[in-house]
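First comes the structure, then the notes that go with it.
The values are calculated or read from the model by the stated rules, or taken from the named source; none is laboratory data. In this text the structure is predicted, and so the values were computed from the model without any measurement. We place every Cβ from the backbone using ideal geometry, glycine too, and count neighbours over all the protein chains shown.
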Amino acid sequence: MNNLAVVAHAAEDLRIEDIGAPVPRTDEAVVAIAYGGICGSDLHYWRHGAAGASVLREPMILGHEVSGVVAVAAADGSGPDVGTPVAVHPLTAHGDGRTPWPEGHPNLAPASTYLGSAMHLPHTQGAFARRVALPSRLLHPLPAGLDLKTAALAEPAAVAWHALQRAGEVKGRSVVVIGAGPIGQLVAAVAQRGGATSVTVTDLQQRPRDIAAARGIRAIDARAELEISDLHADVVIESSGTAPGLVAAVSAAVRGGTVVLLGLQRGGEVPAPMATAITRELTLRGSFRFGAEFDDVIAALADGSLDVRGIISQVLPVDDALDAFALAADPASSCKVLIDFGLEE
């Protein structure tokens, strides 16, 4: 079988290529990838040739939301054995020798690498391929009963989990999520699991609102500004990464409440209603990627306490990956789109 991979060469230049058999280092295992979830950063590399400050300067395999099975164990004996189903934690923390960062927060290490990222040169190749060599430390074995398709949600669910942790305890508190794309849906699911008294999402599109409503979550049209301002939520997670979303997040927060900024805003200055944030004594907290939450997320997916029904909207074979990307770019037609690399055929 050819080792087909999804490779970004430049803006609007995404190719399905045979990259040949992987050649692992001694601390790397070869993983047969089962499923890969298309992330917003993957879409940015495809559409714009960049994701924020990370600019494509050489061809790069995309993908960091993946599950699979160990096909060849690491030669140094580290990591899981052959045949072990795994989810992949894509972060390797690195310092830059001059910038301080808090111990125990690997997501804040200033020179970290992330699978499928063009931040550094050479780029950190991603895992959208039928077989990839990955450091064994990135591989997290899956509990019995957790299927590989659901396990592909572990990485974005960990992003959502971390955002809720940044807000503090949500049990007994009301939670609003601005933006009900895949991450916003997962934030709402984590809030439900955490015992929030109410969970509400907002979105411009009907489909994401319907997906949330099917899991018992209140869903509001993002254009209903008065309804949103009347929510008075204890915790608001801004998941849209847009300036209007930031305005809505501040508007939806109760006096003395907490707003977590999860959606990545554009670079440079972004307008924000800071006077309202000040006079309401809101706590504003950033949230970036995740750290040690990954195994907790895997356990919650395995025992079913994290309700992710409907979030995976479509699964397309790797041969149709270009169509999968186009579908993932249309929030009116999709939520989380997975690529099937053919492992379970």
**Message:** Checking the condition more than 17 Å from GLY37 (Cα to Cα) and modelled with pLDDT under 95, which residue from ALA189, ALA213, ALA144, ALA163 passes?
**Reply:** ALA144
**Asked** If you check ALA243 against the conditions, is it touching a Lys or Arg at 6+ places or on another chain (Cβ under 9 Å), outside the structural domain of LEU142 (by TED's automatic domain parsing) and either more than 23 Å from GLU155 (Cα to Cα) or hydrophobic (A, V, I, L, M, F, W, C) (or both)?
**Response** yes
**Complete:** With criteria (1) out of contact with any helix residue (DSSP H, G or I) (no Cβ under 6 Å at 6 or more places or on another chain); (2) assigned to a loop (DSSP other than H, G, I, E, B); (3) in contact (Cβ under 8 Å) with a residue 24 or more places away in the chain, ALA74 comes up short on (1)
**Message:** Quick check on my filter: what residues within the stretch 254-291 are surrounded by 13 or more Cβ atoms within 10 Å (Cβ to Cβ), among the small types (Gly, Ala, Ser) and without any contact (Cβ under 8 Å) to a residue 40 or more places away in the chain?
**Reply:** GLY257, ALA272, ALA277
**Item:** Qualifying residue in the stretch 298-305 (condition: within 17 Å of GLY241 (Cα to Cα), within 15 Å of the chain's Cα centre (by Cα) and in contact (Cβ under 8 Å) with a residue 60 or more places away in the chain)
**Value:** no
**Fill in**
Flagged in the stretch 192-212 as surrounded by fewer than 15 Cβ atoms within 10 Å (Cβ to Cβ) and among the hydrophobic types (A, V, I, L, M, F, W, C), in numbering order, are none
**Prompt:** Quick check: anything in the stretch 313-326 over 30 Å from GLY168 (Cα atoms), over 16 Å from the mean Cα position of the chain (by Cα), assigned to a loop (DSSP other than H, G, I, E, B) and touching a residue at least 60 places away in the same chain (Cβ under 8 Å)?
**Reply:** no
**All positions within the stretch 164-180 that are surrounded by 24 or more Cβ atoms within 10 Å (Cβ to Cβ) and in a loop (DSSP other than H, G, I, E, B)** = GLY179, ALA180
**Prompt:** Restricting attention to the stretch 106-122, which residues are surrounded by 13 or more Cβ atoms within 10 Å (Cβ to Cβ) and in a loop (DSSP other than H, G, I, E, B)?
**Reply:** ALA109, PRO110, ALA111, SER112, LEU115, GLY116, ALA118, MET119, HIS120
**Asked** Which of the residues that make up the stretch 12-38 are closer than 21 Å to LEU148 by Cα and of a type outside the set (D, E, K, R)?
**Response** ALA29, VAL30, VAL31, ALA32, ILE33, ALA34, TYR35, GLY36, GLY37, ILE38
**Item:** Residue count for the stretch 200-235, restricted to those that are small (Gly, Ala, Ser) and at positive phi
**Value:** 1
**Asked** Of the residues GLY63, GLY83, which is within 25 Å of ARG47 (Cα to Cα), part of a loop (DSSP other than H, G, I, E, B) and either at pLDDT 95 or above or among the aliphatic types (A, V, I, L, M) (or both)?
**Response** GLY63
**Request:** Test GLU28 against the stated conditions and say whether it is out of contact with any Ser or Thr (no Cβ under 6 Å at 6 or more places or on another chain), among the acidic types (Asp, Glu), surrounded by 19 or more Cβ atoms within 10 Å (Cβ to Cβ) and farther than 18 Å from PHE294 by Cβ.
**Result:** yes
